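Encoded as structure tokens, the structure appears first; notes follow it.
The values are calculated or read from the model by the stated rules, or taken from the named source; none is laboratory data. These numbers come from a predicted model, not from an experiment. Using ideal geometry, Cβ is built from the backbone for each residue, glycine included, and neighbour counts are taken over all protein chains shown.
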Amino acid sequence: MFPVRPRPRLRLRYSLQLALTLAVCLFMIVPVVLSVLAGLTNNIFIGLSSGLTTRWIEEVWSLYRNTIFLSLGIALACLACTLVLGVPAAYYMALRRNRVTRLIEELLMLPVAIPGLATALGLILLYGQWQALRTSWVFILIGHVLFTLPFMVRAVLAILSAIDIRTLEEAASSLGASRMQRFFTVILPNCRQGILAGALMVVTLSVGEFNLTWMLHTPTTQTLPVGLADSYASMRLEIGSAYTIVFFVMIIPLLVLMQALTAMGARARKHARADAPVPVAAPIPSTPAATSTEPRHA
């Protein structure tokens, strides 16, 4: 048997798909690489020939390190709030699929459909007279929770809708489990992948959110994207590019960690399915008629 060679048309299609993929990757990566290089050069207008340096990163750290820590704190607090609010909401909507829950699901998506500036303006009109809240980072946190909560609900709801949650509920209830026990021991383990996916989106969106944060921040509550815009507007481009490097250094480990947790969960479920005992059918009981060795008489 000789190996079957691919047809020329299939090879051409593969080459075109590969070229398109590489073009898209270059389209997305080249601006990022140029921005990073700009933050490491002595003079952006001269280029790499001016020499490499880390003094712009050191200057960013000395001027804007408070915005970095504040962004991380708000992102983690936002994740905690969306977990507490979003997972039970998705559980309820998956358990009781009717017109009311579908309406609630659509209403939860309004902060995503409405521009962030409009949402921020509504928050200022509603809570702006509370001076202590208006000047606190908690005000930004409220806006981030409104913006990211739909992503957590949708991610968990997608997982819960793919499994037979009613059967799991009835089985656990028949064994005497209370509602809280069913939620923590049955529902949460089955929607772990949705929670991890939602957490990934919530953290990255909260860290990088600019439009809503720009309206809600004060001079003492600048977050990382606001500081990045300020550095580009008021200082040299090298400072803004170095700020971009700091942003990548902060967000990429979070992405890698959450992706690793997601992969670990998938492998654990795969091994659990592989190690599960295969049910063996019970042997068919033999009947006297089938085992009798006496000759039959006509």
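Values as computed for the structure displayed
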{"read-out": "Subset of segment 25-40 [at pLDDT 85 or above and surrounded by 10 or more Cβ atoms within 10 Å (Cβ to Cβ)]", "value": "CYS25, LEU26, ILE29, VAL30"}
{"read-out": "Selection status of ARG269, at pLDDT below 75, assigned to a loop (DSSP other than H, G, I, E, B) and not small (Gly, Ala, Ser)", "value": "no"}
{"read-out": "Subset of segment 63-96 [of a type in the set (A, V, I, L, M) and under 17 Å from the mean Cα position of the chain (by Cα)]", "value": "LEU72, ILE74, ALA75, LEU76, ALA77, LEU79, ALA80, LEU83, VAL84, LEU85, VAL87, ALA90"}
{"read-out": "Qualifying residue in segment 134-144 (condition: in contact with a Phe, Trp or Tyr (Cβ under 8 Å, 6 or more places away or on another chain), modelled with pLDDT of 85 or more, crowded, with 21+ Cβ neighbours inside 10 Å and of a type outside the set (A, V, I, L, M))", "value": "yes"}
{"read-out": "Pair list, Cβ < 7 Å and 6+ apart or interchain, from segment 158-169 residues that are among the polar types (S, T, N, Q) to residues that are assigned to a helix (DSSP H, G or I)", "value": "SER161/ALA94"}
{"read-out": "LEU83 at negative phi, exposed (fewer than 15 other Cβ atoms within 10 Å of the Cβ) and out of contact with any Leu (no Cβ under 8 Å at 6 or more places or on another chain)", "value": "no"}
{"read-out": "Filter result (surrounded by 14 or more Cβ atoms within 10 Å (Cβ to Cβ) and among the small types (Gly, Ala, Ser)) within segment 173-203", "value": "SER173, ALA177, GLY194, ALA197, GLY198, ALA199"}
{"read-out": "Residue match in segment 132-155 (condition: farther than 30 Å from GLN259 by Cβ, in contact (Cβ under 8 Å) with a residue 60 or more places away in the chain and not polar (S, T, N, Q))", "value": "yes"}
{"read-out": "Pair list, Cβ < 7 Å and 6+ apart or interchain, from segment 100-126 residues that are at negative phi to residues that are small (Gly, Ala, Ser)", "value": "THR119/GLY143; ALA120/GLY143; LEU123/GLY143"}
{"read-out": "Top-ranked residue in segment 97-120 [being more than 26 Å from the chain's Cα centre (by Cα) and not charged (D, E, K, R); ranked as surrounded by the most Cβ atoms within 10 Å (Cβ to Cβ)]", "value": "VAL100"}
{"read-out": "Boolean, SER50 is modelled with pLDDT under 85, among the small types (Gly, Ala, Ser) and farther than 17 Å from GLY208 by Cα", "value": "yes"}
{"read-out": "Some residue of segment 50-69 being surrounded by 12 or more Cβ atoms within 10 Å (Cβ to Cβ), without any contact (Cβ under 8 Å) to a residue 12 or more places away in the chain, touching a strand residue (DSSP E or B) at 6+ places or on another chain (Cβ under 8 Å) and farther than 30 Å from TRP137 by Cα", "value": "yes"}
{"read-out": "Residue within segment 87-99 that is at pLDDT 85 or above, under 24 Å from LEU224 (Cα atoms) and among the aliphatic types (A, V, I, L, M) present", "value": "no"}
{"read-out": "Those residues of segment 204-241 which are modelled with pLDDT of 80 or more, of a type in the set (S, T, N, Q), surrounded by fewer than 17 Cβ atoms within 10 Å (Cβ to Cβ) and over 16 Å from ARG65 (Cβ atoms), in sequence order", "value": "ASN211, THR218"}
